[in-house]
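The structure appears right after this line, and notes come after that.
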Amino acid sequence: MEVKLATHYGFCFGVKRAIKIAQDHRNSSTMGPLIHNQNEINRLKDNYGVGLYNSLNEVKDNDTVIIRTHGIPKNDLVQLKKKNANIINATCPFVTTPQQIVKKMSEDNYSIIIFGDENHPEVKGVKSYGKTQDDVYVVLDETDLEGIVFKYNKIATVAQTTRKKEIYLKIIDSLILKYKEVRVFNTICDATFENQAATKKLAQQVDVMIIIGGKNSSNTKQLLYIAKDYCKDAYLIEDEQEIDTIWFDKKNIYGVTAGASTPDWIIQKVIKKIKRLNK
Ligand code: F3S
């Protein structure tokens, strides 16, 4: 039995930064979950007293509020300021960039396309920076462009940080065939990309792939999809308790990787359990 770790895995720069900010602000609360990993959120609560607001109504005047890694909608920020909250911004700088691009391009009268999942908090935040919401469109692939009637002839595009570049290129191809001016901003995060490339490589060398991360984490789910393309026995787990021994039956080489919000202490527990089960 052999356990191989991906060459890039786990916490990205933005998540490390957000956790440090939360640890530095004991007994504050985050606006929405700080990152997509419940185990780490529990650790911050238990060890640092960092709580969670699920809605703006829960915030009281002068509370200290940490803005989550994925950012929040512009109007929520206005509301927090009205409540005189002590605002600590843990938005990943790579998420702030598309927010600012959407603001600027929409002020310059470009119609906006966001490549991403409209229900994801990052995309909701980015979209909110459009001058008017009726000219900002969120698409998952090029087929979603069909039927859209843009207000302006100039289009600007940004992407959710965790999306696949290949699909973004197809969306851009499709736009360029129809419009004279398409401004493309590559806002896809390299940290995600490095984890994805390492997962692709490792999945080709192993019998089983274990992907560790939050089941609501977009970048973790992307790792699962990539792994499944090369290794049919790929599984997504949040922690070592979800390991099923049957996965290892008659298998020799196990690959392990983790999403960008998965802490190292969980990864180590998983590896330890895999080794113990295979003794
Ligand atoms: Fe930021 Fe990229 Fe991580 S956008 S939160 S560094 S995956």
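Can you pull out the residues in the stretch 177-197 that are touching a residue at least 24 places away in the same chain (Cβ under 8 Å) and either closer than 16 Å to L5 by Cα or within 10 Å of the ligand (Cβ to nearest atom) (or both)? Can you show your working first?
Of the stretch 177-197, the ones touching a residue at least 24 places away in the same chain (Cβ under 8 Å) are 179-189, 191-197.
T187, I188, C189, A191, T192, F193, E194, N195, Q196, A197, listed by residue number.
Give me the pairs: first residue in the stretch 217-229 and touching a residue at least 40 places away in the same chain (Cβ under 8 Å), second residue among the aliphatic types (A, V, I, L, M), beta-carbon distance under 6 Å, and six or more apart or on different chains, which are they?
Filtered contacts from the stretch 217-229: N219/A260.
In the stretch 43-73, which residue that is among the polar types (S, T, N, Q) and under 15 Å from N216 (Cβ atoms) is surrounded by the fewest Cβ atoms within 10 Å (Cβ to Cβ)? It would help to see each step written out before you state the result.
Let us first name the residues in the stretch 43-73 that are among the polar types (S, T, N, Q), namely 47, 54-55, 57, 62, 64, 69.
Add one more test, that the residue is under 15 Å from N216 (Cβ atoms), and what stays is 54, 69.
Numbers: N54: 9, T69: 28.
Ranking the qualifying residues of the stretch 43-73, first place goes to N54.
Please specify each residue of the stretch 35-64 satisfying the condition of being free of Cβ contacts under 8 Å to residues at least 40 places away in the same chain and over 23 Å from N75 (Cβ atoms).
Just the residues of the stretch 35-64 that are free of Cβ contacts under 8 Å to residues at least 40 places away in the same chain, to begin with: 41-42, 44-64.
If the condition is that a residue be free of Cβ contacts under 8 Å to residues at least 40 places away in the same chain and over 23 Å from N75 (Cβ atoms), then I41, N42, L44, K45, D46, N47, Y48, G49, V50 are the ones that fit.
Using the structure shown, decide if I88 is touching an Asp or Glu at 6+ places or on another chain (Cβ under 9 Å) and away from the ligand (no atom under 14 Å from the Cβ).
In short, yes.
Suppose we filter the stretch 1-32 for residues that are under 23 Å from K269 (Cα atoms), within 14 Å of the ligand (Cβ to nearest atom) and among the β-branched types (V, I, T); how many remain?
Counting residues in the stretch 1-32 that are under 23 Å from K269 (Cα atoms), within 14 Å of the ligand (Cβ to nearest atom) and among the β-branched types (V, I, T) gives 2.
Which one of the conditions (1) more than 14 Å from the ligand (Cβ to nearest atom); (2) surrounded by 13 or more Cβ atoms within 10 Å (Cβ to Cβ) does I35 fail to meet, given that it meets all the rest?
Unmet for I35, out of (1) more than 14 Å from the ligand (Cβ to nearest atom); (2) surrounded by 13 or more Cβ atoms within 10 Å (Cβ to Cβ): (1).
If I ask for residues that are surrounded by fewer than 18 Cβ atoms within 10 Å (Cβ to Cβ), touching a strand residue (DSSP E or B) at 6+ places or on another chain (Cβ under 7 Å) and hydroxyl-bearing (S, T, Y), which ones from the stretch 214-254 would you list?
Y235, the sole residue that qualifies.
Which condition breaks for F11 when tested against (1) of a type outside the set (G, A, S); (2) surrounded by fewer than 20 Cβ atoms within 10 Å (Cβ to Cβ); (3) touching a residue at least 24 places away in the same chain (Cβ under 8 Å)?
Single failed check for F11: (2).
What are the residues in the stretch 117-166 that are touching an Asp or Glu at 6+ places or on another chain (Cβ under 8 Å), surrounded by fewer than 20 Cβ atoms within 10 Å (Cβ to Cβ) and closer than 22 Å to L223 by Cβ, if any?
L140
Values in this text are rule-based calculations from the coordinates and carry no lab data. Since we're looking at a predicted model, the values are computed, not measured. Note: ideal-geometry Cβ built from the backbone for every residue, glycine included; neighbour counts use all protein chains shown.
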